[in-house]
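Working notes, beginning with the structure itself.
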Amino acid sequence: MEKTAELILDGKSYKLPIIEGSEGERSVDISSLRNQTGYITLDDGYGNTGSCQSQITFIDGEQGILRYRGIPIEELAEKSTFIEVAHLLIFGKLPNSAELRRFSDLLTANELLNEAVKYHFEGFPPNAHPMAILSAMINASSCFFPELLTSEMRDSFVVQAARLLSKVRTIAAFAYRKSRGLPAIYPKPDLKYTANFLHMMFSIPYQDYDLKPEVVKALDLIFLLHADHEQNCSTATVRMVASSRANLFASAAAGVCALWGPLHGGANQAVLEMLEEIHKSGDDGSKFIAAAKDKNSGKRLMGFGHRVYKNYDPRAKIIKKACDDVLTKLHISDPLLDIAKHLEDAVLRDSYFVERKLYPNVDFYSGIIMRAIGIPVEMFTVMFAIGRMPGWIANYKEVMETPTRIYRPRQIYTGPTLNHYTEIKDRK
Ligand code: SDX
């Protein structure tokens, strides 16, 4: 017997189906609401609105649970790698040895950019933000694959996915090298994904970067922890663009733009800038906390709060521990880490934040590790984009494989009622 919700509008009763997820989440299916009642719903920021049913990632914000295809993030962080997790998210299963070998070989086969793409980099000013370059160059590189624009590509989705996942890393590294006036370093086929990225970022001609295992593992963990997060702003953007049947590269380029915002993926850069500002001011953070509580200040405590987590972000817990490990192994003591820990202690005891259930999120500690590795702060959000690429690819694939109507929200119009054109001589 189908469960239903009853809605009474203007004295009339309407029944709407209840849809329940595999983890017991419940929803009222309003697909027929406007046809039945003439009403639509309104939901600022979509905080109460599900845009889709998805099998990729599950989050329980109250419990602080995050699972990729049912596997807890804690287990994956401890036992898996970014590329294994990418396969899990995109294809729904951890790869066996043959599948991992094939996927890894596809990533290697697609790690280079067409040489002509490099000329686009020359057109950017040295201080161009790498997120602008990343979005532009994802679309630019897609021009070399006209087959992307035809539906036949669907049966070799693994090639599309590997091509995007592999090239995003090369584009990011080339963008960094350009910004520093350094020669581009080409990928090495014998290096695995994250090691190859670090090689392209930090090697110099005829002297390879010293790939410390703990550094490679720390960045691989950062990518893994960012790999997907259900319908966040940028993933919802990717699904929105995919729903028009745009190609994978165009959808991912749109995701990069949404991620760039300081309330979303741009927060990791904003956190470091906030910690540096606190450090320079000699303050212990209390002035910043006070400003973040003052609505008129326009300031927020970057790296705190989350639309879904009303508990500690499980990724933040993992990254905080990795921070300690990496800095110890690299014999680095970073005053910003001490400030971050002091800030967290103070905030978690402050009623303003406790009442609003504002806890550290994934962005609060990730920048400390990236800074320790030598990633410049303007590249932090690019790291997030590389990490999130498998999640965007998985969601794109899910839209393409399930009957999805083009995303076209409604609105409630509050503008001028019927009006008429006035000649310029009559205008005030
Ligand atoms: C990511 O969605 C995802 O899954 C995102 C992400 C992913 O993996 O894709 O997890 C990655 O984007 C993490 C979030 C990174 N952003 C930041 O760290 C920026 C700082 N945080 C916020 O601006 C905020 O917490 C958001 C954007 C993350 C969430 O915003 P919401 O859900 O719209 O919350 P809200 O603005 O309605 O705030 C509720 C209350 C408000 O106060 P009141 O009006 O109730 O008095 O909490 C306050 C807010 O003013 N508040 C904060 C705050 N965050 C919320 N006050 C001070 N500092 C903050 N950081």
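Of the residues screened, Val238 is not one that is within 10 Å of the ligand (Cβ to nearest atom), of a type in the set (A, V, I, L, M) and part of a helix (DSSP H, G or I). Taken over region 71-121, the criterion of being free of Cβ contacts under 8 Å to residues at least 40 places away in the same chain and of a type in the set (Asp, Glu) is satisfied by Glu75, Glu78, Glu84, Glu99, Asp105, Glu115. In region 370-428, the qualifying residues are those that are in a helix (DSSP H, G or I), among the acidic types (Asp, Glu) and without any contact (Cβ under 8 Å) to a residue 60 or more places away in the chain, and the one that is surrounded by the most Cβ atoms within 10 Å (Cβ to Cβ) is Glu401.
Residues that are within 20 Å of the chain's Cα centre (by Cα) number at least 3 in the following helices (runs of 4 or more DSSP H) confined to region 113-207: 130-142, 157-179, 193-202.
Each residue in region 190-248 was checked for being of a type in the set (Asp, Glu), touching a Lys or Arg at 6+ places or on another chain (Cβ under 9 Å) and surrounded by fewer than 21 Cβ atoms within 10 Å (Cβ to Cβ), and 2 of them qualify.
Looking only at residues of region 342-361 that are within 9 Å of the ligand (Cβ to nearest atom) and charged (D, E, K, R), we find that the one that is farthest from Leu272 (Cα to Cα) is Glu355. Checking each residue in region 17-63 for being closer than 21 Å to Lys310 by Cα and among the acidic types (Asp, Glu) picks out Glu23, Glu25, Asp43, Asp44, Asp60, Glu62.
Among what's in region 33-59 and is within 13 Å of the ligand (Cβ to nearest atom) and over 21 Å from Val241 (Cα atoms), pick the residue that is surrounded by the most Cβ atoms within 10 Å (Cβ to Cβ). Among them, the one singled out is Ile59. Touching a Leu at 6+ places or on another chain (Cβ under 8 Å), part of a loop (DSSP other than H, G, I, E, B) and surrounded by 15 or more Cβ atoms within 10 Å (Cβ to Cβ) - does that describe any residue in region 4-23? Within region 4-23, not a single residue is touching a Leu at 6+ places or on another chain (Cβ under 8 Å), part of a loop (DSSP other than H, G, I, E, B) and surrounded by 15 or more Cβ atoms within 10 Å (Cβ to Cβ).
Examine region 304-312 for a residue that is basic (Lys, Arg), assigned to a helix (DSSP H, G or I), within 16 Å of the ligand (Cβ to nearest atom) and surrounded by 15 or more Cβ atoms within 10 Å (Cβ to Cβ), and state whether such a residue exists. No - not one qualifying residue is present in region 304-312. Candidates are the residues of region 364-407 that are among the hydroxyl-bearing types (Ser, Thr, Tyr) and within 14 Å of the ligand (Cβ to nearest atom); the one that is farthest from Ala227 (Cα to Cα) is Tyr365.
Which of the residues spanning region 255-289 are surrounded by fewer than 21 Cβ atoms within 10 Å (Cβ to Cβ), among the aliphatic types (A, V, I, L, M) and at pLDDT 95 or above? Matches in region 255-289: Ala258 only.
Could you go through region 319-340 and let me know if any residue there is out of contact with any Cys (no Cβ under 9 Å at 6 or more places or on another chain), within 21 Å of Gly47 (Cβ to Cβ) and surrounded by 21 or more Cβ atoms within 10 Å (Cβ to Cβ). No.
Considering each residue of region 114-129 in turn, none proves to be touching a Pro at 6+ places or on another chain (Cβ under 8 Å) and either closer than 22 Å to Val382 by Cα or not aromatic (Phe, Trp, Tyr) (or both). If I ask for residues that are part of a helix (DSSP H, G or I) and among the β-branched types (Val, Ile, Thr), which ones from region 74-112 would you list? Ile83, Val85, Ile90, Thr108 - these are the residues of region 74-112 that are part of a helix (DSSP H, G or I) and among the β-branched types (Val, Ile, Thr).
The values are calculated or read from the model by the stated rules, or taken from the named source; none is laboratory data. Since we're looking at a predicted model, the values are computed, not measured. Don't worry about glycine lacking a Cβ; one is built from the backbone with ideal geometry, like all the others, and counts go over all protein chains shown.
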